[in-house]
Amino acid sequence: MMTNDKHGGECHSHDEHQHFHKKLNKFEEALGLYDTDINDEEVTRAIKKIISEKVHENDTLEVKKFLFGSIELTTLNTTDSEESVLAFTERVNDFDATYPDLPHVATICVYPCFASIVSQSLEVEGVGIACVSGSFPSSQALMEVKVAETALAIKDGATEIDIVMPVGKFLSGDYQSVADDIGELKGVCSRHPMKVILETYCLKTASAIKKASIIAMYSGADYIKTSTGKEKAGATPEAVYVMCQAIKQYYETTGIQVGLKPAGGINSVMDAITYYTIVKEVLGEKWLTNKWFRLGTSRLANMLLSEMVGKETKFF
């Protein structure tokens, strides 16, 4: 049964995922429904074709406005403080008043300890509060700690939760433990959308990214996300392409729509347009809303704003 979140979008329930989980019983069986034997060179060729033939047609003001409205404005710094996060949130409030004709960002993304201050100070209707949780960015903690952190983030006002897949367990081939970890945290999140970060840089191959995507979705992910931004590399067109293929095939198999969030290393407007184009070409228009397509970044906000207003602007 689909449920509506407080911002008007739909997220699928933990029960729906568990239905498919029980039906298939083992994740090896689930993986058997999909082609995970992917050639990395073929993925590279497909990306080059999309970039050369399709990206230019999406280099438009309309697309840039859409991309701005899909940004999860993120601050995940060691130096973050209540004062800095309050100022960060006030910029979002000020933006809505300064640029009333432009879309606002999709969410503010912070550590759980700042959920309360963002919740208390955010004034813009429709902007979500995303918290990284579950021992971000390593996912290396006791499950009790992950559960407590996630529950407290939601109690303090988080409307969305970003967790990291236990990458070490995945690379060890312990898919059931990976699924159990994700599923338990989805149970805590309940109706609140949960994004599962695959940390694609650590997975290395297209085949591994496809498998991780499928396991995350069958375990309860409402979105799959590329990266924490804390490893040596973040999102890549190749990883996003494979994840989009997995999302499409999962939707065709189960009827459940899952969102996508490229994050980490989105350094230019053209990077964002490239990811938009991949989503458009692989998943289609159904995913081109700021409910199902998100971008985890902060630096991109000023870049897009500058292009939207026609002059260099450093608002955020």
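The values are calculated or read from the model by the stated rules, or taken from the named source; none is laboratory data. On a predicted model such as this, the values are computed, not experimentally measured, just so you know. Methodologically, a virtual Cβ is constructed for each residue, glycine included, from the backbone with ideal geometry; neighbour enumeration extends over all protein chains shown. To get the accessible areas, we keep the full protein, side chains included, count just its heavy atoms, and leave off ligands, DNA and RNA. Shrake-Rupley method; radii C 1.70, N 1.55, O 1.52, S 1.80 Å.
The order of the peptides 28-40, 56-68 by mean Cβ neighbours within 10 Å, most packed first, is 56-68, 28-40. The fraction of all Cα pairs in the chain landing in successive 20 Å bins from 0 to the largest distance is 35, 59, 6, given as whole percents.
Given R₀ = 22 Å, FRET efficiency for K311-I51 by Cβ-Cβ distance, to 0.05?
For R0 = 22 Å, the calculated efficiency reads 0.20.
What number do you get for segment 255-316 when its Cα radius of gyration is normalised by 2.2 N^0.38 Å, N = residues? The partial results should precede the final answer.
Numbers: Rg = 12.9 Å, N = 62, 2.2 N^0.38 = 10.6 Å.
Its radius of gyration relative to the 2.2 N^0.38 Å reference: 1.22.
With the simple model of a label 7 Å out from the Cα in the direction of the Cβ, K286 to A148 spans 4.2 nm.
Solvent exposure of the chain amounts to 42 Å² per residue of accessible area, where only protein heavy atoms count and the probe is 1.4 Å. Applying 0.36 nm per residue to the separation of Q176 and S138 and subtracting their alpha-carbon distance, the gain on full extension is 11.8 nm. Rg and Dmax, both from the Cα atoms of segment 208-298 and both in Å, are 12.2, 35.
Here K146 is the anchor, and the lysines within straight C-alpha reach of less than 17 Å, apart from those fewer than 8 places off in the same chain, are K155, K169, K186, K195. Calculate what fraction, in whole %, of the accessible area of segment 161-223 sits on carbon and sulfur atoms when a 1.4 Å probe is rolled over the protein chains. Ligands and nucleic acids excluded, carbon and sulfur give 49 percent. Taking F136, F316 and ordering them by how much accessible surface each has at a 1.4 Å probe, largest first, produces F316, F136.
Helix-only mean residue ellipticity at 222 nm, the chain, DSSP H runs n ≥ 4 weighted -39,500 (n - 2.57), per residue, nearest 500. What is it? List each step's numbers first, then the result.
Values: 14 runs with 157 residues, N = 316.
Roughly -15000 deg cm²/dmol at 222 nm, from the helical runs in the chain.
The aspartates and glutamates whose alpha-carbon is closer than 15 Å to the alpha-carbon of K230, local same-chain residues fewer than 8 away aside, are D162, E199.
Considering only V164, V105, V145, the Gaussian network model of the chain with Cα springs below 10 Å gives its largest mean-square fluctuation to V145.
Given a 1.4 Å probe and the protein chains as shown, Y201 ends up with an accessible area of around 70 Å². Between K49, K230, K146, the GNM of the chain built on Cα springs shorter than 10 angstrom shows K49 fluctuating the most. Label 7 Å along Cα→Cβ of D35; segment 239-280 residues with amide nitrogen under 20 Å? Taking a point 7 Å out along Cα→Cβ of D35, the residues of segment 239-280 whose backbone N falls under 20 Å are 239-255, 278-280. When the charge dipole of the chain is built from unit charges on Cβ atoms (+1 for Lys and Arg, -1 for Asp and Glu) and taken about the Cα centre, the candidate among G128, A246, V188 whose Cα reaches farthest toward its positive end is A246. Would you mind getting me the FRET efficiency between S84 and T60? Use the beta-carbon distance for r and R0 = 25 Å, nearest 0.05. It comes out at approximately 0.15.
For a straight C-alpha distance cut-off of 19 angstrom, the aspartates and glutamates reachable from K54 (same-chain residues fewer than eight places away being disregarded) are E42, E62, E238, D271, E281, E285.
Could you sort C202, C244 by accessible area so the largest value comes first, with the probe set to 1.4 Å? Before the final figure, lay out the partial values.
Working: C202 35, C244 0 Å².
Largest to smallest exposure gives the sequence C202, C244.
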